[in-house]
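Report on one structure; see the data block that follows.
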Amino acid sequence: VLAPFEVNEELDESGDDIRGSEKPHLAVVGRPNVGKSTLINRLLGADRMVTSSQPGTTRDSVLVPCERGDRKFVLVDTAGIRRRARVNDTIEKFSIVQSLKAIENSGVVILLIDAREGLTEQDLSLIGLIIERGRALTIGVNKWDGIATSHRRQVEAEVDRKLVFAGFARVNYISALHGSGIDSVINAALT
């Protein structure tokens, strides 16, 4: 079981000192409502990020300095990234730009996928973008606890088949809400 991270209060909560920090940044990205903020809350052991079933709750990238053992790093919560054709709102466009900047500014990206929906074209596009940018990649298939065993086998087969081009990325099947598997996803990101 994962112990909550220590939040390093020495750094400015506004993010000014964090952005210039040499500590590694771990961006948590994915489509809207895949559980990015829930995962960060679970990792922190506190409800620091606002979560909602409504898409668009996270609008700006939020940086949280953390420590785990002797490792110091910054977790970056990002807004959900939808396909460009579905984005009409100016604020959402800005949020997506901020999420893409978070990928650029991070050494490691944790991409969350919704197990109920499987691996979508948007997920594959994000993985391609992360690889193109030369970032380390760890994949979390979230909401794993909410699907039937037969559907799990289908999702695992789909992930194996569609992610041949990203075979180096560790795939972790997790539940951010209940905490199962999150230890493996953060360990993969930190190694």
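For the condition small (Gly, Ala, Ser) and outside any helix (DSSP H, G or I), residue 128 does not qualify. Only one entry in 63, 75 is in contact with a strand residue (DSSP E or B) (Cβ under 6 Å, 6 or more places away or on another chain), assigned to a strand (DSSP E or B), modelled with pLDDT of 85 or more and under 18 Å from residue 184 (Cβ atoms), namely 75.
With the requirement that a residue be surrounded by 11 or more Cβ atoms within 10 Å (Cβ to Cβ) and free of Cβ contacts under 8 Å to residues at least 40 places away in the same chain, what does the range 158-171 give you?
160, 165, 166, 170, 171
For the range 93-122, enumerate the residues that are under 12 Å from the mean Cα position of the chain (by Cα) and within 16 Å of residue 80 (Cβ to Cβ). Residues satisfying the conditions are 99, 102, 103, 109, 110, 111, 112, 113, 114. The one condition from (1) modelled with pLDDT of 80 or more; (2) surrounded by 15 or more Cβ atoms within 10 Å (Cβ to Cβ); (3) on the phi < 0 side of the Ramachandran plot; (4) not in a helix (DSSP H, G or I) that residue 116 does not meet is (2).
The values are calculated or read from the model by the stated rules, or taken from the named source; none is laboratory data. Values in this document were obtained by computation on a predicted structure and should not be read as measured data. Note that we place each Cβ from the backbone using ideal geometry, even for glycine, and neighbour counts take in every protein chain shown.
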